[in-house]
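Let me begin by presenting the structure, written as structure tokens, before commenting on it.
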Amino acid sequence: MDRSHLSLDSLSLAEMVSPYETDLEDEEEWDADMEAEGSSGKNMSTAELYLQACTMVGVVPVRYFLRNLGSDTINLNHHGLGPLGGKAIAIALVTDVHTTTLELKDNFLLGEGARYIVEMLKANFTIQNLDLSDNHLQSAGAECIAKLLLDNISIKSIKLSGNEFTDDDAKWFAEAFSTNYRVKELDLSHNQFCGRGGEHLSQMLANNEGVEVLDLSWNHLRMKGAVAFCAGLKVNVTLKHLDLSWNGFGNEGALALGEALKFNNTLVYLDFSNNRITNEGVSMLCKGLESNDTLRNLKLAYNSLTVEGALALIGVIKNSPKTALEEINICNVLVNENFMQLLELTCQEHPSLEVQYGGGGGFIAKKPPKRLDPMKVIQDYLDQRKLRLWDFFRNIDKDGTMQVPVSEFRKAVQQSSIPLEQFQIEELIQKLDRDRTGMVDYRGLADTRKQMMRDHRRQLRKVESRQKKEKQKSERILKTFQSAVEAVTPRSSMVMSPGGAKEDSSGPRHFSATPLSSWHHITMSNSGRYSVTNMNSEHVHLPMIGGAASSHRTPSSPAIRSYSQPNLTEDGPRLSLAKPASVQGSCLTFSPGDLSPVANHLTRSRPALNATKPAAKISERKKNRPKK
């Protein structure tokens, strides 16, 4: 039997029956003919094998494929092959030893066609670059490809863009790339990865040590998914090129990404374009760039940035001597003269720096200066001179009715030294003469002052509340990020901590490796006892006697035992435990008879207050007691 027939058997063509195949008997006859040819010693060429496969599955042969057989690259993009056309291609390429790059983009292969390609790659170890983008593979295709990547050793680059993968499909890739270290380039762009997908991809980054180029653009990684993904990036040690554009990370994701860049020392290229970040998000990202010394190319185009964000980026490069940034893309940001001057000074220290910006004419977004309340100005003026409001208007209010004409009020304010502008005076007159009577009732100034103070306090509360919410939000994001880091920490990142193994006389104590999240510390409780985690995971409770902790530890004990003792008041007699303890067998006993081991714990009850008195005195007291 020749090699071509063995290859067909490896694809299990007899089991892959499709509705387009005419009859099972015809297929068996065709297999019999193949066996006859093999026995005659004639090797069938790849072209002949492909033609017969097309006849068998009922599809039209692709002449472009026949013309390019034997070349390094076969490009069959946009040919409309379908699942059966992919099956014919797979049959032909089983025995091929020339093709290293196979491009099958946009052929509507579906999960069925992906299964045929996967079966072919189990026998073909020549193909290294595979493009299956835009083929509607969905969950079935994701599972097939993931199972292939668990064992395949030839694929170095695979493109799976636009295949409608969801969060549940991300777990297949996380599992596959936990053991696959051959694939260097992975394209998962234009899919539907969201929150849980970000968590699975985080696991993939944390456990994989082979992927160097990862494209996750045009997905839905945001909020929790973005924070979880950045946790995996923090512990990754191989990724160099990362595309996260068009995802919607937001300022929350920028904060987590900045934390990841503080520790990641392999990433060279980062595309963070169109991720809904503002100047605040850029400032958070800059905190990570200050500590990073490997990132060279940073793209932040099509984000909501202004000159402030651009100045922050250039300031990081100028003030961080160890930065490696050489190219920054903010092509949609308009800059100003201050930015150009700072960029020129920075380029003198970093000649290789190149910044792409949108042009001049930009401005720093500043809020218009807030107008001072005229009543506050008057009140400050009076407070400085220790005057009352009534004293100020006494000269113009001859009758003492607390009402003056508008013209006289305006003239008096203008002639005074109160620092009020004309528009502020008119604003004050409108407040005091709302009914347009021509008379100003300056008693309303007191009410206006009260309202002003209430508004001021309300504004302060709003600012404090907003700052508090922003701080809580940042702390919550960092806490989520830290929890995600602990969840994706590789199993090899362990610390040595005291475990539960007990020391025996046969050898030294053993230590067990536990994750970072389960490391124990000494804790203090409010119940008056200190709880210390000892070497054999048993707790020693030290009571508080007279405001200070005291304990008695037997030096000859083979292991630290746990015992508890109630608190003794200062008024009661204190029991002295100065007598040495003796070791009897495996239990620990004290010379006083009040101690007894119960369930590996030594307990001592509080002695009676009259226990120290002699028994003879007690009997005499009973005798002298009068009888009723």
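How many of the residues making up region 156-182 are in a loop (DSSP other than H, G, I, E, B) and surrounded by fewer than 21 Cβ atoms within 10 Å (Cβ to Cβ)? Break it down into steps so the answer makes sense when it comes.
Taking region 156-182 and keeping what is in a loop (DSSP other than H, G, I, E, B), we get 156, 160-166, 177-182.
Checking the rest, the ones that are also surrounded by fewer than 21 Cβ atoms within 10 Å (Cβ to Cβ) come to 156, 161-162, 164, 166, 178-179, 181-182.
Total meeting the criteria: 9.
Return only the number of the condition from (1) open to solvent by less than 60 Å² (accessible area, probe 1.4 Å); (2) more than 25 Å from the chain's Cα centre (by Cα); (3) not aromatic (F, W, Y) that L261 does not satisfy.
So L261 meets the others, but not (2).
Residue-by-condition table, conditions (1) open to solvent by 20 Å² or more (accessible area, probe 1.4 Å); (2) out of contact with any Cys (no Cβ under 9 Å at 6 or more places or on another chain); (3) not polar (S, T, N, Q):
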site	(1), (2), (3)
I328	no, yes, yes
L334	yes, yes, yes
C347	yes, yes, yes
S352	yes, yes, no
G358	yes, no, yes
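For region 73-81, state whether one or more residues are among the polar types (S, T, N, Q) and either out of contact with any strand residue (DSSP E or B) (no Cβ under 9 Å at 6 or more places or on another chain) or surrounded by 21 or more Cβ atoms within 10 Å (Cβ to Cβ) (or both).
Quick first cut of region 73-81, residues among the polar types (S, T, N, Q) only: 73, 75, 77.
This time we only want the ones that are either out of contact with any strand residue (DSSP E or B) (no Cβ under 9 Å at 6 or more places or on another chain) or surrounded by 21 or more Cβ atoms within 10 Å (Cβ to Cβ) (or both), so: none.
Within region 73-81, none of the residues are among the polar types (S, T, N, Q) and either out of contact with any strand residue (DSSP E or B) (no Cβ under 9 Å at 6 or more places or on another chain) or surrounded by 21 or more Cβ atoms within 10 Å (Cβ to Cβ) (or both).
Looking only at region 414-428, which residues are assigned to a helix (DSSP H, G or I) and open to solvent by 30 Å² or more (accessible area, probe 1.4 Å)?
Passing the criteria: Q414, Q415, Q422, F423, E426, E427.
Just one of the numbered conditions (1) among the aromatic types (F, W, Y); (2) farther than 27 Å from L239 by Cα; (3) out of contact with any Leu (no Cβ under 8 Å at 6 or more places or on another chain) is not true of Y302; which one?
For Y302, the failing item is (2).
Applying the selection to region 106-132, what residues are of a type in the set (S, T, N, Q) and under 17 Å from K184 (Cα atoms)? Steps first, answer last, please.
In the first step, residues of region 106-132 are kept if they are of a type in the set (S, T, N, Q); the result is 107, 124, 126, 128-129.
Correct list: T126, Q128, N129.
Condition test on E212, is it open to solvent by 10 Å² or more (accessible area, probe 1.4 Å), at pLDDT 95 or above and either under 15 Å from the mean Cα position of the chain (by Cα) or farther than 14 Å from F272 by Cα (or both)?
Values: open to solvent by 10 Å² or more (accessible area, probe 1.4 Å): yes; at pLDDT 95 or above: yes; either under 15 Å from the mean Cα position of the chain (by Cα) or farther than 14 Å from F272 by Cα (or both): yes.
So E212 passes the test.
Does K450 satisfy the condition of being open to solvent by 50 Å² or more (accessible area, probe 1.4 Å) and either of a type in the set (A, V, I, L, M, F, W, C) or at pLDDT 80 or above (or both)?
It is false that K450 is open to solvent by 50 Å² or more (accessible area, probe 1.4 Å) and either of a type in the set (A, V, I, L, M, F, W, C) or at pLDDT 80 or above (or both).
Could you grab me the full set of residues in region 117-151 that are without any contact (Cβ under 8 Å) to a residue 60 or more places away in the chain, in a loop (DSSP other than H, G, I, E, B), of a type outside the set (D, E) and open to solvent by 10 Å² or more (accessible area, probe 1.4 Å)? Give the derivation first.
First pass over region 117-151, keeping only residues without any contact (Cβ under 8 Å) to a residue 60 or more places away in the chain: 117-118, 121, 124-151.
Those left that are additionally in a loop (DSSP other than H, G, I, E, B): 124-128, 132-137.
From the residues that got through so far, the ones that are of a type outside the set (D, E) too are 124-128, 132-133, 135-137.
Correct list: F125, T126, Q128, H136.
Here are some residues: T126, T99. Which one is in contact with a strand residue (DSSP E or B) (Cβ under 7 Å, 6 or more places away or on another chain) and either more than 23 Å from A170 (Cβ to Cβ) or of a type in the set (S, T, N, Q) (or both)?
Details: T126 fails: in contact with a strand residue (DSSP E or B) (Cβ under 7 Å, 6 or more places away or on another chain).
Result: T99 is the single residue among T126, T99 that is in contact with a strand residue (DSSP E or B) (Cβ under 7 Å, 6 or more places away or on another chain) and either more than 23 Å from A170 (Cβ to Cβ) or of a type in the set (S, T, N, Q) (or both).
Which one of these does Q341 not meet: (1) touching a residue at least 24 places away in the same chain (Cβ under 8 Å); (2) part of a helix (DSSP H, G or I)?
That leaves (1) as the condition not met.
The values are calculated or read from the model by the stated rules, or taken from the named source; none is laboratory data. Computed from a predicted model, the values in this text were never measured in an experiment. FYI the Cβ positions are ideal-geometry reconstructions off the backbone, even for glycines, and counts take in every protein chain you see. Just so you know, the surface numbers come from the protein's heavy atoms only, side chains and all, with ligands and any DNA or RNA stripped out. Shrake-Rupley method; radii C 1.70, N 1.55, O 1.52, S 1.80 Å.
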